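Enquirer: Right, I'll just put the structure down here and ask away after.
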Amino acid sequence: MTTDLNELREKIQSLDAEILRLVAARMETATRIGQTKRARGIPLRDWQVERAVLEKADQTARGLKLPLQISRAVMQTLIAGSRVEQERIAYADYSGSTENIAVIGGQGKMGRWFVEFLSNQGHRVEIFDLVATPGDTAHTRSLDRAVEGTSFALIATPLETVPAIIDHLLNLNYRGVIFDIASLKSHLKPAIERARAAQHSITSIHPMFGPSTRTLSDQVICLCDCGDAESTRRVRAFFSDTAATLVELTLDEHDRVASLVLGLSHLINIAFMRVLAEGEHSFNELNRVGSTTFHAQVATAANVIRENPDLYYSIQQLNPHSPRVYDDLLQELSKLMNAVKNGDRRSFADLMTSASRWLS
C-alpha cells in the first residue's frame, strides 16, 4: 500500500510538471498573439474570443467528466495571465514623441506610479513635491524650476490643493498642458474655468485604480474634457497604446458616478468594519467561523479602511452628490429593516429580487 501511494504521488508530480510545461507553451503562444495584435492595431481584449474559449473549455470538461467550476477557474486564470503578459510585452509602448513632464506631488503613492509609468514610456520626468526623498536627484523644492521647459504638468496632490496649484501654474504663465488625476472634479471647475479664460491648455483624468496596479489590463481611466479637445487628445495618447479602458465623462458626470462607485462603496465598507469593531467579538473569533460571504466582505473592507483617511474623507466631503447618496442609503436600509421587523417576507424578497434584476 505504501509503495502504491508513493507511485501515485510520483505520478501527480509528473502530471504537475507536464501541466506547467503546457501552461508555459500557452503563455508563449499568447505573447506571440499579442505581438501580432499590436502590429495590426487590434485591441488587446476581445470579449467574443474569450467567451468562445471558455465555452469550448466547458465542452471539453464535460467530455472529460471534469467539474465545470474547476475548468472555468483554470481557464479564467490562464486568460487573465495571457492578457497581462501580452500587455507587458507588446502594449506598454508609447508611439508619440518623447515629452518633458513635471509630476507635481511625485512623491505621493499615485505620483510615484505616474513617474514610473511615464519614465518607462521614455519620457523625461521632473518631480516636484514638498516631501523630499534622500538621494533623489530628480526631486526639487521649486515648482517654478520643476515645470520650466516641460510640455506637461501632471498634478497628483491631495484633492483640496489641486485648485491652488492650477492657479499657481496660471500665475507662472505655464504654457504646457495642465492635467490632474483628482478623484473628484466639481471643486476644480472654478480654477479650470480661469485657465480656459486665460487660454491655457488644461484637461482632467481619473485613474480608477490604486498605486499597487502593475498592469493596465482591465483598468479604467476616466477622461474629463474641460473644453480643450486638443489637450485631452494629447493626454489620451499616453494611454492609447496600453490595455487600459478609456471612458469619456464630463466633470459633472464624473462626480455623479464617483459618488456611487467610490463614495457609496467606501461608506458601506467603513460602516461594516465599524459595526464589527464596536461589537463584543474579536476579529479572530468571527474570522474562525466566518462564511464565504463574510470573508469576502472583510477582505474588501480591509482594503478600504487601510487607505488614507484624509483622502477618503475628502472624497465624501467634496462631492456635491454625497448627500443624495446618503439619503438613498438610509432609505434602502430602512426598507430592509422594516420588512424584517414587520415580518414582511414578501417585501424583503422583492427588494432582493429587484436588485438582482438590475444586475442582469
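The values are calculated or read from the model by the stated rules, or taken from the named source; none is laboratory data. None of the values given here were measured: they were computed from a predicted structure. Cβ sites come from the backbone with ideal geometry, for glycine too, and all protein chains shown count toward neighbours.
Enquirer: Out of R72, R38, R83, R51, I need the residue that is in a helix (DSSP H, G or I), among the basic types (K, R), at pLDDT 85 or above and outside the structural domain of S217 (by TED's automatic domain parsing). Which one? Spell out how you get there, then give the answer.
Expert: On the way: R38 fails: at pLDDT 85 or above; R83 fails: at pLDDT 85 or above; R51 fails: at pLDDT 85 or above.
From the options R72, R38, R83, R51, the qualifying one is R72.
Enquirer: So which of F239, F209 ends up being in a helix (DSSP H, G or I) and within 16 Å of the chain's Cα centre (by Cα)? Reasoning before the result, please.
Expert: On the way: F209 fails: in a helix (DSSP H, G or I).
On inspection, the qualifying residue turns out to be F239.
Enquirer: Going by the conditions given, is L66 modelled with pLDDT of 80 or more, on the phi < 0 side of the Ramachandran plot and not in a helix (DSSP H, G or I)? Steps first, please.
Expert: Details: modelled with pLDDT of 80 or more: yes; on the phi < 0 side of the Ramachandran plot: yes; not in a helix (DSSP H, G or I): yes.
So L66 fits the description; yes.
Enquirer: Hey, could you check the range 165-198 for residues that are among the polar types (S, T, N, Q) and part of a helix (DSSP H, G or I) and say which is farthest from I104 (Cα to Cα)?
Expert: Start the filter on the range 165-198 by keeping residues that are among the polar types (S, T, N, Q), which leaves 171, 173, 183, 186.
Now narrow it down to the ones that are part of a helix (DSSP H, G or I): 171, 186.
Values: N171: 16, S186: 20 Å.
Among them, the one singled out is S186.
Enquirer: Among the residues in the range 161-180, are any touching a strand residue (DSSP E or B) at 6+ places or on another chain (Cβ under 9 Å), modelled with pLDDT under 90 and not assigned by TED's automatic domain parsing to the domain that holds L262?
Expert: Taking every residue of the range 161-180 in turn, none turns out to be touching a strand residue (DSSP E or B) at 6+ places or on another chain (Cβ under 9 Å), modelled with pLDDT under 90 and not assigned by TED's automatic domain parsing to the domain that holds L262.
Enquirer: Residue under question is D136, and the condition is that it be at pLDDT below 80 and in the same structural domain as T213 (by TED's automatic domain parsing); does it hold? Break it down stepwise before answering.
Expert: Numbers: at pLDDT below 80: yes; in the same structural domain as T213 (by TED's automatic domain parsing): yes.
Judged against the criteria, D136 is a match.
Enquirer: Separate question: Is it fair to say G227 is closer than 24 Å to P163 by Cα, surrounded by fewer than 21 Cβ atoms within 10 Å (Cβ to Cβ) and either small (G, A, S) or assigned by TED's automatic domain parsing to the domain that holds L169 (or both)?
Expert: Yes: the conditions hold for G227.
Enquirer: Do any residues in the range 186-207 that are closer than 12 Å to D167 by Cα and outside the structural domain of S151 (by TED's automatic domain parsing) have Cβ atoms under 9 Å from those of residues that are at pLDDT 95 or above and part of a helix (DSSP H, G or I), where the two are at least six apart or on different chains, and which pairs are they?
Expert: Partner pairs satisfying both residue conditions: none exist.
Enquirer: Take the range 104-124 and flag every residue that is outside any helix (DSSP H, G or I) and either aromatic (F, W, Y) or farther than 14 Å from E148 by Cβ (or both). Steps first, please.
Expert: Of all residues in the range 104-124, those outside any helix (DSSP H, G or I) come to 104-108, 121-124.
Hits for the range 104-124 are G105, G106, Q107, G108, Q121, G122, H123.
Enquirer: Please pick out the residue among A271, A258 that is within 18 Å of the chain's Cα centre (by Cα) and either under 24 Å from L159 (Cα atoms) or of a type in the set (G, A, S) (or both).
Expert: Working: A271 fails: within 18 Å of the chain's Cα centre (by Cα).
Of A271, A258, the one residue that is within 18 Å of the chain's Cα centre (by Cα) and either under 24 Å from L159 (Cα atoms) or of a type in the set (G, A, S) (or both) is A258.
Enquirer: Looking at the range 246-255, can you tell me whether even one residue there is exposed (fewer than 14 other Cβ atoms within 10 Å of the Cβ), more than 18 Å from P158 (Cα to Cα) and within 14 Å of the chain's Cα centre (by Cα)?
Expert: Filtering the range 246-255 down to residues exposed (fewer than 14 other Cβ atoms within 10 Å of the Cβ) leaves 246, 248, 250.
Applying the additional criterion that residues be more than 18 Å from P158 (Cα to Cα) yields 246, 248, 250.
Still in the running and within 14 Å of the chain's Cα centre (by Cα): 246.
The answer is yes, given that some residue of the range 246-255 is exposed (fewer than 14 other Cβ atoms within 10 Å of the Cβ), more than 18 Å from P158 (Cα to Cα) and within 14 Å of the chain's Cα centre (by Cα).
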